[in-house]
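First comes the structure, then the notes that go with it.
Quick note: the coordinates plus some simple rules give every number you see, no bench work behind them. Quick caveat: nothing in here was measured; it's all calculated off a predicted structure. Glycine gets a Cβ as well: all are built from the backbone with ideal geometry, and neighbour counts include every protein chain shown.
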Amino acid sequence: MTKKLMRSKKSLYFLLIPFFMPYSLKYISGLTIIYDLSSIFKLLNTLCIFYLFFRKKRISKVLLLIILMNGCLLASSVLNNLTDTEAYTNLLPMLALPMLIELGLERGEIDTVLEIIFKILATLTIINF
């Protein structure tokens, strides 16, 4: 299942696009619903990536360091009485992207994953100009 997902460019687009939605959509009155929907899709895609990753039941050293860094961010947020819930909801997607890249490395499909990420970022750059 994971190998088919990594080879399918359409499913990779569907998995990755919510992670790169511009944050400014939250502040444009007519586009806030797009931001809210992309946040829901981001959470669902994050859970999907977590499921695919933890099926193999092995965490690499690099991913362990990323988890520790996110743990430090979460601890500092809790110690400083941070009430912004987005600080907590952004920690999970910060783990999901390295997991997806690691899945691509293991399956030998890293070229496809990086190509999709490049196309999404290039499109957002062109739209920005």
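Calculated from the structure at hand, Cα extents along the principal axes in Å is found among (i) 40, 32, 23; (ii) 40, 38, 23; (iii) 50, 27, 21 as (ii). Applying the Karplus relation 6.51 cos²θ - 1.76 cosθ + 1.60 with θ = phi - 60° to region 10-23 yields 3J(HN,Hα) values of 5, 5, 5, 4, 4, 6, 9, 4, x, 6, 10, 5, x, 5 Hz, where x marks Gly and Pro.
Counting pairs of alpha carbon atoms under 8 Å apart in space and at least six apart in sequence, what relative contact order in percent does region 14-129 give? All intermediate terms of the calculation are to be shown ahead of the outcome.
Numbers: 51 pairs, mean separation 33.0, N = 116.
Reported relative contact order: 28 percent.
Coupling constants for region 60-74 follow from the phi torsions by the Karplus curve (6.51 cos²θ - 1.76 cosθ + 1.60, θ = phi - 60°), and in residue order they are 7, 5, 5, 5, 5, 5, 5, 5, 5, 4, 5, x, 5, 5, 5 Hz; glycine and proline get x. Using the Karplus relation 6.51 cos²θ - 1.76 cosθ + 1.60 with θ = phi - 60°, the per-residue 3J(HN,Hα) values for region 99-114 come to 5, 5, 5, 5, 4, x, 5, 5, 8, x, 10, 5, 4, 5, 4, 5 Hz, with x marking Gly and Pro.
Legend: ranking of residues Lys56, Lys10, Lys26, Lys42 from fewest to most surrounding C-beta atoms inside 10 Å; resulting order Lys10, Lys56, Lys26, Lys42. Since only Met21, Ile66, Phe53 are under comparison, the one whose Cα sits farthest along the positive direction of the charge dipole of region 2-128, derived from C-beta charges on Lys, Arg, Asp and Glu, is Phe53. Charges were assigned to the Cβ only: +1 to each Lys and Arg, -1 to each Asp and Glu. The resulting dipole of the chain about its Cα centre is roughly 620 debye.
Per residue of the chain, what 222 nm ellipticity follows from adding -39500 (n - 2.57) for every DSSP H run with n ≥ 4, rounded to the nearest 500? Walk me through the numbers before you get to the answer.
Details: 7 runs with 96 residues, N = 129.
After summing the helix terms and dividing by residue count, I get -24000 deg cm²/dmol.
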